[in-house]
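K.L.:
Let me give you the structure first, and then I'll get to my questions.
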Amino acid sequence: MAGRNEKKNITKSKIVNYIINNKITSKAELAQNLSLSMPTVLSNVNELIDRNMVIEIGEYESTGGRKAKRIGINPAYKYAVGVVITANHLGIVLLNMQYEIEKTIWMRLKFSTETSYCLKVAEMVEDFLKDVEDREKILGIGISIPGIIDQANRMVVKSHALQLENFSLSFLEQVFSYPVYFANDANAAMMAEDMHEYQDAVYLSLNNTLGGAFCINGKLVAGQNQKAGEFGHMILVPGGKKCYCGKAGCADAYCAAGALTDEEQEMTLEQFMEKVEQKNTKTVEKWNQYLDNLAILISNLRMAYDTDIILGGEVGGYLSEYMIPLGEKVMAYNGFEHDVRYLKNCSYKREASAVGAAKHFLSEYIQHL
């Protein structure tokens, strides 16, 4: 009986994931695309409709018989909160069951190891959620941190960005009244993408620091020491610019967002990109040099992994407008391929890590229906 129930739960989870990833579908489409019998689909979908997790949203045009019902996920069925911690900022998102951002806030808050910082974060999250009517629908809080995370022991093993080593996260966990999940920022950003679409992929997180992650067969690869995907600290230019990690010539020093704004501390990335659009000579020159360095990194990663490469983070959010010049530069460094269709734009920009951390709870919930 247990095996039968487990199989039924797996089928239900597959159906829910398909509905979420396709927004609107029909029972016939579910049966066809998931290779399920129509009685199985009807039984599961009707049960999900009874629970109000799936809702009917109109009808398809008639093809001669009865009009098929359009079905979709009820976005208000469950929620999760995502929190991004960086050296100088805090971001919070509320994610619904459809993986849509219901609300978000981004504020300046300098990281500190003091207990007052943890209390401040909890206070900000509480304030952020004050207008959420049914708080019982919130499954948990996912927290993204730039560093190597020991999930089992609730610890940051090492974080250059936050200048931490073997830092306990237990107090930060205790200040919340919800279950808490901690994730590396780049891994969380990768999880924000549709892992059913990207079974094998590399994610480049082009924020103020350069992070990365990759998945094989739809599963994140952590590596032997939880350090897989540290693309920011691959040497790009031997003996080059000093990186914050202490080495010289790291990819981070050339391809992180800070490489575009570091010389002019008052300039934001948004202001920098506005200058690029305005054809400011000095800024365009710097942007083209950035794309050239990024193209070398991308070419190296493509040679190593031979998978899709997702361009994420704050810079990744702007790259959709510059894929042609970037693609031309990548092809100049790669003599084995003559197209760059493997280069993909991210689904979320600055909020990606928060979305991925929050998504952990929704994915877990769906997996155990």
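The values are calculated or read from the model by the stated rules, or taken from the named source; none is laboratory data. These figures come from a predicted structure and were not determined experimentally. Positions of Cβ are generated from backbone atoms using ideal geometry, with glycine treated the same way; all protein chains shown enter the neighbour counts. Just so you know, the surface numbers come from the protein's heavy atoms only, side chains and all, with ligands and any DNA or RNA stripped out. Shrake-Rupley method; radii C 1.70, N 1.55, O 1.52, S 1.80 Å.
K.L.:
Report whether or not residue 330 is touching a Gly at 6+ places or on another chain (Cβ under 8 Å) and closer than 20 Å to residue 202 by Cβ.
P.N.:
Against the criterion (touching a Gly at 6+ places or on another chain (Cβ under 8 Å) and closer than 20 Å to residue 202 by Cβ), residue 330 does not qualify.
K.L.:
May I ask you to list the residues in the stretch 297-319 that are in contact with a Cys (Cβ under 9 Å, 6 or more places away or on another chain) and farther than 15 Å from residue 212 by Cα?
P.N.:
Answer for the stretch 297-319, where residues must be in contact with a Cys (Cβ under 9 Å, 6 or more places away or on another chain) and farther than 15 Å from residue 212 by Cα: 317, 319.
K.L.:
Go through (1) outside any loop (DSSP other than H, G, I, E, B); (2) out of contact with any Leu (no Cβ under 9 Å at 6 or more places or on another chain); (3) open to solvent by less than 50 Å² (accessible area, probe 1.4 Å) for residue 240 and report which single condition fails.
P.N.:
Every condition holds for residue 240 apart from (1).
K.L.:
Residues that are buried (at least 19 other Cβ atoms within 10 Å of the Cβ) and either part of a helix (DSSP H, G or I) or out of contact with any Leu (no Cβ under 8 Å at 6 or more places or on another chain) (or both): does the stretch 330-337 have at least one?
P.N.:
Yes, some residue in the stretch 330-337 is buried (at least 19 other Cβ atoms within 10 Å of the Cβ) and either part of a helix (DSSP H, G or I) or out of contact with any Leu (no Cβ under 8 Å at 6 or more places or on another chain) (or both).
For (1) without any contact (Cβ under 8 Å) to a residue 24 or more places away in the chain; (2) of a type in the set (D, E, K, R), each residue gets a yes or a no:
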| residue | (1), (2) |
| --- | --- |
| 168 | yes, no |
| 176 | no, no |
| 185 | no, yes |
| 189 | no, no |
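K.L.:
Consider residue 155 against the criteria (1) open to solvent by less than 40 Å² (accessible area, probe 1.4 Å); (2) farther than 24 Å from residue 313 by Cβ: it satisfies all of them except one. Which criterion is unmet?
P.N.:
(1)
K.L.:
Related question: Applying the selection to the stretch 149-166, what residues are assigned to a strand (DSSP E or B) and free of Cβ contacts under 8 Å to residues at least 60 places away in the same chain?
P.N.:
155, 156, 158, 159, 164, 165, 166
K.L.:
Return the residue satisfying two criteria in turn: it lies in the stretch 100-127 and is touching a residue at least 40 places away in the same chain (Cβ under 8 Å) and aromatic (Phe, Trp, Tyr), and of such residues it is nearest to residue 352 (Cα to Cα).
P.N.:
Looking at the filtered set, the residue picked out is 106.
K.L.:
Suppose the filter is in contact (Cβ under 8 Å) with a residue 60 or more places away in the chain and aromatic (Phe, Trp, Tyr); does residue 254 pass it?
P.N.:
No: the conditions fail for residue 254.
K.L.:
Does the stretch 284-298 hold any residues that are open to solvent by 10 Å² or more (accessible area, probe 1.4 Å) and in contact (Cβ under 8 Å) with a residue 60 or more places away in the chain, and which are they?
P.N.:
Across the stretch 284-298, the qualifying residue is only 296.
K.L.:
Please identify the pairs in which a residue from the stretch 307-322 that is closer than 15 Å to residue 185 by Cβ and open to solvent by 10 Å² or more (accessible area, probe 1.4 Å) has its Cβ atom under 8 Å from the Cβ atom of a residue that is in a helix (DSSP H, G or I) and among the aliphatic types (A, V, I, L, M), counting only partners at least 6 apart or on another chain.
P.N.:
If the second residue must be in a helix (DSSP H, G or I) and among the aliphatic types (A, V, I, L, M), the pairs left are 314/269.
K.L.:
Follow-up. Within the stretch 244-260, track down each residue that is in a strand (DSSP E or B), in contact with a helix residue (DSSP H, G or I) (Cβ under 9 Å, 6 or more places away or on another chain) and open to solvent by 10 Å² or more (accessible area, probe 1.4 Å).
P.N.:
Those that are in a strand (DSSP E or B), in contact with a helix residue (DSSP H, G or I) (Cβ under 9 Å, 6 or more places away or on another chain) and open to solvent by 10 Å² or more (accessible area, probe 1.4 Å): none in the stretch 244-260.
K.L.:
Checking residue 349 against (1) under 22 Å from residue 125 (Cα atoms); (2) without any contact (Cβ under 8 Å) to a residue 40 or more places away in the chain; (3) surrounded by 19 or more Cβ atoms within 10 Å (Cβ to Cβ), which test does it fail?
P.N.:
Unmet for residue 349, out of (1) under 22 Å from residue 125 (Cα atoms); (2) without any contact (Cβ under 8 Å) to a residue 40 or more places away in the chain; (3) surrounded by 19 or more Cβ atoms within 10 Å (Cβ to Cβ): (3).
K.L.:
Considering 348, 322, 318, which residue is among the hydroxyl-bearing types (Ser, Thr, Tyr) and assigned to a loop (DSSP other than H, G, I, E, B)?
P.N.:
None of the others qualify; the one that does is 348.
K.L.:
Can you give me the number of residues within the stretch 199-214 that are in contact (Cβ under 8 Å) with a residue 24 or more places away in the chain and out of contact with any strand residue (DSSP E or B) (no Cβ under 6 Å at 6 or more places or on another chain)?
P.N.:
5
K.L.:
Could you grab me the full set of residues in the stretch 6-34 that are open to solvent by 60 Å² or more (accessible area, probe 1.4 Å) and within 13 Å of residue 367 (Cα to Cα)?
P.N.:
6, 7, 8, 10, 14
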